[in-house]
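Asker: Quick one: the structure is below, questions incoming.
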Amino acid sequence: MQMLPLLVRQIYFVGVQSLIIIMVSGLFIGMVLGLQGYTILVDYGSEQAVGQMVALSLVRELAPVVAALLFAGRAGSALTAEIGLMKATEQLASLEMIGVDPLRRIIAPRFWAGFISLPLLAAVFAVVGVWGGAMVGIEWLGIYEGAFWANMQNSVDFSEDVLNGSIKAMVFGFVVTWVAVFQGYDCVPTSEGISQATTRTVVYSSLAVLGLDFVLTALMFGDL
Amino acid sequence: MPDFRALLTGVQAALRAVLEPTDSESQMTQFDDIVIDIKGLSFSRGDRPIYRNVDIQIPRGKITAIMGPSGTGKTTLLKLIGGQLKPDSGEILLDGQDIPRLGRRELFRVRERMGMLFQSGALFTDMTVFENVAFPLRVHTELPEEMIRDIVLMKLHAVGLRGARDLMPSELSGGMARRVALARAVALDPDILMYDEPFTGQDPIAMGVLVNLIRQLNEATDHTSIIVSHDIQETLGIADYIYLIAEGGVVAQGTPKQLAEADSPQVRQFMQGLPDGPVPFHFPAGDYDDDLMQGRKG
């Protein structure tokens, strides 16, 4: 059985269909960062540093964490419900009886799709967020454009910030999707069981993301 | 002379009456060719035993029915044969291969010989009727697309749903969904076809259609059918041999005729649908009067 078409289909469902919520959230979070950063930094006359602040907060923390939380709510819960319902309607059992391993046919493509999609979604989140911050900072609040971008470019380091942020997003992608497919596959196949499993997916994966974020941050940036 | 002849026919008739039932019984319990041989099967869910040391033989090429009241583990038996559940002890031999001891890969290979019709139909909801039936062919064969199309249309035609090929499972009635599931179950022409409650929840027309389909399919091909059901009339009409299951074991077995004539109270209660008997109407409970009076005291 060809794995690629199944994977592409799932990337569409969990990744592409999450784009809207990720982009809208990224835009607003970037705008809020710009606004809050400006109101604090302008008192010290260093509002040019807003670009640096927006970019570093997004790339290091907010993009991977918030994207993962949104992803757990948008895609993780859907994965759990879908797999749970497949179990309840005996679709998984009938796959087994047809001689197809549901772990390979149903679980694996969904898991890999989530693992691939979340880092990309986090990157989109960061880009849109930076754009939102620039829109508020430069267009509305009148920060000098050259200083805004130059400060950002000078302070954001590829391996320190972008790479570490991407590692975080990959870890979160792994954890969130793992929790989601496990809860679906392991759920009690009744309406109550599916509802509990879906709730558990969102709760467990959100807590895991926040907890792991602290651990990863301590490991990555603890000695800065 | 005429008296002698009358005596002779009388003796012949008496001999036939005495010999025939025992003769056919010994034939049916000692099947010539057994495809599935279950020996000493025990299985429990949690603390509740479902099967206790059960022996069941499924003859090849015949329709065998597993009957019994709800909750006695009939569907569980199909899942045990399909290797989806593992017994606590005992053997389930499919042509000599012990299914519970097969590795994952071998198990999936053995399952290619089996087709199963699930109670709910279990169609894949994200595929059309055509794709559902084509699925086993696409997964297990390298057939070219035109040939897959021909086979799928043949199978759908056999269940009378060639015209419904482009519908989604959500657009089908319960009876149609079960027929599509039947077409999918026979797509690979399996040796063993297992039906899980095929008649439950069907209207009389759909039920008649299914009964005919199951019988025709069994006659047209030489596969073995196992039907799990509690619909007595439909099952008696098509089964060659019946196992009646209750309380963790086989309480009776035989041809439909033998079971219909059996005088054990358990068999009679089930076959005649009596509300009370060895299977009590009431779930185990304390004394009725005490129970009512207790509410007053509280």
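The values are calculated or read from the model by the stated rules, or taken from the named source; none is laboratory data. Everything numeric here is computed off the predicted structure, so don't read it as measured data. Neighbour counts run over all protein chains shown; Cβ positions are idealised from the backbone, glycine included. In case anyone asks, the SASA skips ligands and DNA or RNA and just uses the protein heavy atoms, side chains included. Shrake-Rupley method; radii C 1.70, N 1.55, O 1.52, S 1.80 Å.
Asker: Take the residues in the range B:82-112 that are in a loop (DSSP other than H, G, I, E, B) and more than 9 Å from chain A (Cβ to nearest Cβ); name whichever of them is surrounded by the fewest Cβ atoms within 10 Å (Cβ to Cβ).
Answerer: Looking at the filtered set, the residue picked out is B:96.
Asker: Right, here's the next one. Would you pick out the residues in the range A:6-26 that are touching a helix residue (DSSP H, G or I) at 6+ places or on another chain (Cβ under 9 Å) and open to solvent by 40 Å² or more (accessible area, probe 1.4 Å)?
Answerer: Kept after step one, since they are touching a helix residue (DSSP H, G or I) at 6+ places or on another chain (Cβ under 9 Å), are these residues of the range A:6-26: A:6-19, A:21-26.
Correct list: A:8, A:9, A:11, A:12, A:13, A:16, A:17, A:19, A:21, A:23, A:24.
Asker: Going through the range B:115-134 one residue at a time, which ones are open to solvent by 10 Å² or more (accessible area, probe 1.4 Å) and either among the aliphatic types (A, V, I, L, M) or in a strand (DSSP E or B) (or both)?
Answerer: Residues satisfying the conditions are B:116, B:123, B:127.
Asker: Name every residue in the range A:95-139 that is within 13 Å of another protein chain (Cβ to nearest Cβ), out of contact with any Gly (no Cβ under 7 Å at 6 or more places or on another chain) and part of a helix (DSSP H, G or I), in order of residue number.
Answerer: Passing the criteria: A:95, A:96, A:98, A:102, A:103, A:104, A:105, A:106, A:109, A:110.
Asker: Just to be sure before I move on: is residue A:116 open to solvent by 50 Å² or more (accessible area, probe 1.4 Å), over 21 Å from residue A:220 (Cβ atoms) and under 14 Å from the mean Cα position of the chain (by Cα) in the structure I sent?
Answerer: Judged against the criteria, residue A:116 is a match.
Asker: Give the residue that is nearest to the other protein chains (Cβ to nearest Cβ), with candidates limited to residues of the range A:73-83 that are open to solvent by 10 Å² or more (accessible area, probe 1.4 Å) and in contact with a helix residue (DSSP H, G or I) (Cβ under 6 Å, 6 or more places away or on another chain). Spell out the reasoning first.
Answerer: Here is the first cut: in the range A:73-83, the residues open to solvent by 10 Å² or more (accessible area, probe 1.4 Å) are A:73-74, A:77-78, A:81-82.
Those still in the list that are in contact with a helix residue (DSSP H, G or I) (Cβ under 6 Å, 6 or more places away or on another chain) too: A:73-74, A:77, A:81.
Working: A:73: 22, A:74: 19, A:77: 18, A:81: 13 Å.
Of everything passing the filter in the range A:73-83, A:81 is nearest to the other protein chains (Cβ to nearest Cβ).
Asker: Residues that are touching a Leu at 6+ places or on another chain (Cβ under 7 Å) and within 30 Å of residue B:192 (Cα to Cα): does the range A:71-87 have at least one?
Answerer: Looking only at the range A:71-87, we keep the residues that are touching a Leu at 6+ places or on another chain (Cβ under 7 Å), and these are A:71, A:86.
Retained after the next criterion (residues that are within 30 Å of residue B:192 (Cα to Cα)): A:86.
Among the residues of the range A:71-87, at least one is touching a Leu at 6+ places or on another chain (Cβ under 7 Å) and within 30 Å of residue B:192 (Cα to Cα), which makes the answer yes.
Asker: Here's something else I'd like to know. With the checklist (1) in a loop (DSSP other than H, G, I, E, B); (2) crowded, with 17+ Cβ neighbours inside 10 Å; (3) more than 14 Å from chain A (Cβ to nearest Cβ) in hand, flag the one item residue B:32 doesn't pass.
Answerer: (2)
Asker: Do we find that residue A:92 is out of contact with any Gly (no Cβ under 8 Å at 6 or more places or on another chain), surrounded by fewer than 19 Cβ atoms within 10 Å (Cβ to Cβ) and within 10 Å of chain B (Cβ to nearest Cβ) in this structure?
Answerer: No, not satisfied.
Asker: Output yes when any residue across the range B:136-153 is in a strand (DSSP E or B) and more than 10 Å from chain A (Cβ to nearest Cβ), and no when none is.
Answerer: Taking every residue of the range B:136-153 in turn, none turns out to be in a strand (DSSP E or B) and more than 10 Å from chain A (Cβ to nearest Cβ).
Asker: Still on this model: Among the listed residues B:178, B:215, identify the single one that is in contact with a helix residue (DSSP H, G or I) (Cβ under 7 Å, 6 or more places away or on another chain) and more than 14 Å from chain A (Cβ to nearest Cβ).
Answerer: Within the list B:178, B:215, the selection yields B:215.
Asker: Does the range B:48-69 include one or more residues that are surrounded by 15 or more Cβ atoms within 10 Å (Cβ to Cβ), touching a Lys or Arg at 6+ places or on another chain (Cβ under 6 Å) and part of a helix (DSSP H, G or I)?
Answerer: No, the range B:48-69 has no match at all.
Asker: Listed residues B:197, B:247; which is under 12 Å from the mean Cα position of the chain (by Cα) and on the phi > 0 side of the Ramachandran plot?
Answerer: B:197
Asker: Report those strands (runs of 3 or more DSSP E) wholly inside the range B:185-298 carrying at least 1 residues which are more than 30 Å from residue B:109 (Cβ to Cβ) and in contact (Cβ under 8 Å) with a residue 40 or more places away in the chain.
Answerer: The qualifying strands (runs of 3 or more DSSP E) are B:241-246, B:249-254.
Asker: Could you tell me whether the range B:183-194 includes any residue that is in contact with a His (Cβ under 7 Å, 6 or more places away or on another chain), surrounded by 16 or more Cβ atoms within 10 Å (Cβ to Cβ), at the interface with another protein chain (Cβ under 9 Å from one of its Cβ atoms) and hydrophobic (A, V, I, L, M, F, W, C)?
Answerer: Yes - at least one qualifying residue is present in the range B:183-194.
Asker: In this structure, is residue A:86 within 11 Å of another protein chain (Cβ to nearest Cβ), crowded, with 22+ Cβ neighbours inside 10 Å and touching a strand residue (DSSP E or B) at 6+ places or on another chain (Cβ under 6 Å)?
Answerer: So residue A:86 does not fit the description; no.
Asker: Related question: Please enumerate the residues belonging to the range A:33-47 that are out of contact with any Asp or Glu (no Cβ under 7 Å at 6 or more places or on another chain) and crowded, with 19+ Cβ neighbours inside 10 Å.
Answerer: Once the filter is applied, which keeps residues that are out of contact with any Asp or Glu (no Cβ under 7 Å at 6 or more places or on another chain) and crowded, with 19+ Cβ neighbours inside 10 Å, the range A:33-47 yields A:33, A:34, A:37, A:47.
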